[in-house]
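First comes the structure, then the notes that go with it.
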Amino acid sequence: PTTTSYWECYFTDGAEQESYVWAVSSLTKGVSATVLVDTNGQANGISIDSNATTIWFTDMDGGIFKVGTDGYDVTEVVGGDRYTGYPLGMDIWDEYDRLFWVDGKNGCLYEMDFDGEGFDETSSCLISGLKKPVDVAIDKRRETVYVTTGCPESDTSDDCHKIYKIAVEVDSNDEVSA
């Protein structure tokens, strides 16, 4: 393995009405931490594209946002009247310009293209009925989406703390189905 002298890490932090998207970088003389976005909601899930130019994040107040890695041009991709859910963990599949996220209110795994134009809260739900979804991860090589669920410690039912493996197909028109 080779030594990497420079790295960057992005994460969300905070609570209701005081939430942040952070960038942490290694420098030749140490580590630097910077707040890229100071949100009024509850930032949660985060993903960065393969070109390291755009950060995508969820806000549990009901929005999906993107921002440049420099912290400029925060854009709400979907939210408001078009989406009334509670978005949590997310991942992107930039080869197909697709975002995937899980919703704690609707129990859905959602999917939409990067611009959000075709998003519909009902038809964009690929998988419904998820109990307490937490996060999503994509194995792009195997075209598989993994969804994790969790429950309070008091709930010991078989539906808690699972990882669901979902085969995803992308057709020639870049339409996604599960």
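For the range 77-116, just list the percent of Cα-Cα distances falling in each 10 Å bin from zero outward, please.
Spelled out bin by bin, the range 77-116 gives 31, 58, 12 percent.
Rounded to the nearest angstrom and ordered from largest down, what semi-axes does the equivalent ellipsoid of the range 1-144 get from its C-alpha gyration tensor (root of 5λ)? Walk me through the numbers on the way to the answer.
Details: eigenvalues 140, 65, 37 Å².
So the three semi-axes of the range 1-144 are 26, 18, 14 Å.
Between LYS29 and GLU117, what FRET efficiency comes out of the Förster formula 1/(1 + (r/R0)^6) with R0 = 35 Å and r the beta carbon distance, rounded to 0.05?
Efficiency computed from Cβ-Cβ geometry: 0.20.
In whole percent, how big is the carbon plus sulfur part of the accessible area of the range 1-147, probe 1.4 Å, protein atoms only? Mind dumping the intermediate values first?
On the way: 3480 of 7630 Å².
It is 46 percent, rounded to a whole number.
Provide the per residue accessible area, probe 1.4 Å, for the range 1-158, rounded to a whole number of square angstrom. Mind showing how you got there, number by number?
Numbers: 8410 Å² over 158 residues.
In whole numbers, the range 1-158 has 53 Å² accessible per residue.
Between ASP73 and SER50, what is the label-to-label distance in nm when each label sits 7 Å out along the Cα-to-Cβ direction?
2.0
The values are calculated or read from the model by the stated rules, or taken from the named source; none is laboratory data. Remember, it's a predicted structure, so these values are computed and weren't measured experimentally. Cβ coordinates were reconstructed from backbone atoms using ideal geometry, including for glycine residues, and neighbour counts include every protein chain displayed. We work out accessible area using only protein heavy atoms, side chains counted, and drop any ligands, DNA or RNA first. Shrake-Rupley method; radii C 1.70, N 1.55, O 1.52, S 1.80 Å.
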